[in-house]
Ligand SMILES: [Zn+2]
C-alpha cells in the first residue's frame, strides 16, 4: 500500500525545503514522488497522513563503537582522553552475553533515534550477528593498533576479521596516530583494497598534538607506563595530523573528532589528501574532554563534515539529533548545515548515497519526524520514526 506523508515542512536535503509538502512512498519506504502542497491539492489525494513538525531523511552515524556498548555509565566523565583510554582498557572485559545484549540494545536505540546507517569501529567479530539481523546498514571498520609489536600478525588477524564480516562491508583502519607505528601504517596500506573506506581518530586531545610536536605530556607518560619506547615520530616539531595523514591510503577517508584541529591543519590536510571527510562527535568530546572543536573552521567549503555518536562508553545516548542539538546550542550551527552533516554527507562518505541521505525519487532513506521551533531551533531529542 502506498502512503502519503505530510508535515509542516519537508527537508529533502539535496533540494529546497517545502512547506506543507507531501511525500509519496511505496510499502517499502521508497520515495515515489515529492509534491508541493499545490501539486498534492491538484491531485485530490485522499488519506494524507498529516504530522506536526518537520520531515527529514534518516540519519547517518559515521562513528560508533557497538563493542563498547556495555560500558554505558561506567566510565567517569571529563577526565581527558588518556585517562579515558586507560579506563576502557581496564573495564572492557566482559562475558560475551553481556556484550551482545548491550550491542543489541544499542542497535535498537539507534533505530528508534532515526538512524539508518552506521560506520562502526570493531576490534573483533562479535558484532557481526547483531549487524546482520539489524534493519540498519552497517559498515565495519576493523581497527588495528600497535606501538612496537611486530605488525604482520596484527594485520593477518585483521584481514581474517575483515573477511569474516562478509557479506557485510568491512575495511581495515588505524586506531589513532599515537597508537599506530610507522610499520603498521605500511601494512594497513598494503591490505587496503580500492573499494575500502578508511577512518582514523584525529587530534582528539591536546596531548596528542603535544606528543608528536614535543615528545612530552600525557602520551609520553602512557608510553612509559606500557614500557614502549618513543620513536623518531615523536618530538618532531610537527603535530599529529602531519604524522598520520601522509601514511594513509589515498582511499576515501574519515578524520574523526578533530577537537584540536586548527586552520593550518585543514589547509595541510586538503592539500595532502583529495578525498577527506571530517566527523564531529560533540557529545563524546564534552563527555571525555569537556571541549568542542572550533566548529567555524569546518564551515570551509573545502571541508565535508559528518556526525558521529562515538560509543555508549562516552555518550549518554546514540542519537545524531542529540549531536545536532549540542552543536546548535553550543556553537550556533544553522539547522540546514547540521542536517546536511547528519544525512547526505555521511551517506556519501559510506558510499551509500544512492539509497540514503536525502529525499529523492528512488531512494529508501528512512523518514523521521522531528520538532523544530522558531528560527529552526531543535526543540527536543525526540524522533518519531515514520519509516
Ligand atoms: Zn571512537
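Quick look at the values:
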read-out: Members of the range 1-26 found to be part of a loop (DSSP other than H, G, I, E, B) and more than 28 Å from the chain's Cα centre (by Cα), listed by number; value: 1, 2, 20, 21, 26
read-out: Verdict on residue 338 being within 27 Å of residue 34 (Cβ to Cβ) and part of a helix (DSSP H, G or I); value: yes
read-out: Considering residues of the range 286-317 that are crowded, with 23+ Cβ neighbours inside 10 Å, within 16 Å of the ligand (Cβ to nearest atom) and not in a loop (DSSP other than H, G, I, E, B) only, the residue farthest from the chain's Cα centre (by Cα); value: 288
read-out: Pair list, Cβ under 8 Å, 6 or more apart: the range 291-303 residue in the same structural domain as residue 265 (by TED's automatic domain parsing), other residue modelled with pLDDT under 95 and not in a helix (DSSP H, G or I); value: none
read-out: Filter result for residue 42 (away from the ligand (no atom under 16 Å from the Cβ) and loosely packed, with under 14 Cβ neighbours inside 10 Å); value: yes
read-out: All strands (runs of 3 or more DSSP E) inside the range 157-276 with 1 or more residues being more than 22 Å from residue 139 (Cα to Cα) and in the same structural domain as residue 86 (by TED's automatic domain parsing); value: none
read-out: Sole exception among (1) more than 16 Å from the ligand (Cβ to nearest atom); (2) under 31 Å from the mean Cα position of the chain (by Cα); (3) surrounded by 14 or more Cβ atoms within 10 Å (Cβ to Cβ) for residue 72, by number; value: (1)
read-out: First in the range 182-210 and closer than 15 Å to residue 159 by Cα, second anywhere and in a helix (DSSP H, G or I), Cβ under 6 Å, 6 or more apart; value: 184/151; 185/247; 187/151; 187/155; 191/155; 191/159
read-out: Qualifying residue in the range 266-276 (condition: under 23 Å from residue 173 (Cα atoms), away from the ligand (no atom under 16 Å from the Cβ) and crowded, with 23+ Cβ neighbours inside 10 Å); value: no
read-out: Test: residue in the range 349-360 that is farther than 30 Å from residue 49 by Cα and in contact with a strand residue (DSSP E or B) (Cβ under 7 Å, 6 or more places away or on another chain); value: yes
read-out: Qualifying residue in the range 120-138 (condition: under 25 Å from residue 197 (Cβ atoms), in a helix (DSSP H, G or I) and within 15 Å of the ligand (Cβ to nearest atom)); value: no
read-out: Residue pairs meeting the criteria (Cβ under 8 Å; at least 6 apart or on separate chains; first in contact (Cβ under 8 Å) with a residue 60 or more places away in the chain, in the range 272-286; second part of a strand (DSSP E or B) and more than 14 Å from the ligand (Cβ to nearest atom)); value: 277/253; 277/305; 279/305; 280/305
read-out: Residue match in the range 153-164 (condition: in contact (Cβ under 8 Å) with a residue 40 or more places away in the chain and away from the ligand (no atom under 16 Å from the Cβ)); value: no
read-out: Residue check, residue 375 farther than 25 Å from residue 195 by Cβ, out of contact with any strand residue (DSSP E or B) (no Cβ under 8 Å at 6 or more places or on another chain) and surrounded by fewer than 16 Cβ atoms within 10 Å (Cβ to Cβ); value: yes
read-out: Candidate set from the range 331-354 (those that are free of Cβ contacts under 8 Å to residues at least 12 places away in the same chain and surrounded by fewer than 17 Cβ atoms within 10 Å (Cβ to Cβ)); member that is farthest from residue 59 (Cα to Cα); value: 332
read-out: Residue under evaluation residue 67, criteria (1) surrounded by 14 or more Cβ atoms within 10 Å (Cβ to Cβ); (2) away from the ligand (no atom under 16 Å from the Cβ); (3) assigned to a helix (DSSP H, G or I), criterion not met; value: (2)
read-out: Residue, surrounded by the fewest Cβ atoms within 10 Å (Cβ to Cβ), within the range 75-89, restricted to residues that are more than 11 Å from the ligand (Cβ to nearest atom) and assigned to a helix (DSSP H, G or I); value: 89
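Listed here are the residues, each with its yes/no results for (1) at pLDDT 95 or above; (2) over 27 Å from residue 306 (Cβ atoms); (3) surrounded by 15 or more Cβ atoms within 10 Å (Cβ to Cβ).
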{"site": "154", "(1), (2), (3)": "yes, yes, yes"}
{"site": "164", "(1), (2), (3)": "yes, no, no"}
{"site": "169", "(1), (2), (3)": "yes, no, yes"}
{"site": "175", "(1), (2), (3)": "yes, no, yes"}
{"site": "191", "(1), (2), (3)": "yes, no, yes"}
{"site": "196", "(1), (2), (3)": "yes, no, yes"}
{"site": "203", "(1), (2), (3)": "yes, no, yes"}
{"site": "209", "(1), (2), (3)": "yes, no, yes"}
{"site": "217", "(1), (2), (3)": "yes, yes, yes"}
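The values are calculated or read from the model by the stated rules, or taken from the named source; none is laboratory data. Since we're looking at a predicted model, the values are computed, not measured. Glycine gets a Cβ as well: all are built from the backbone with ideal geometry, and neighbour counts include every protein chain shown.
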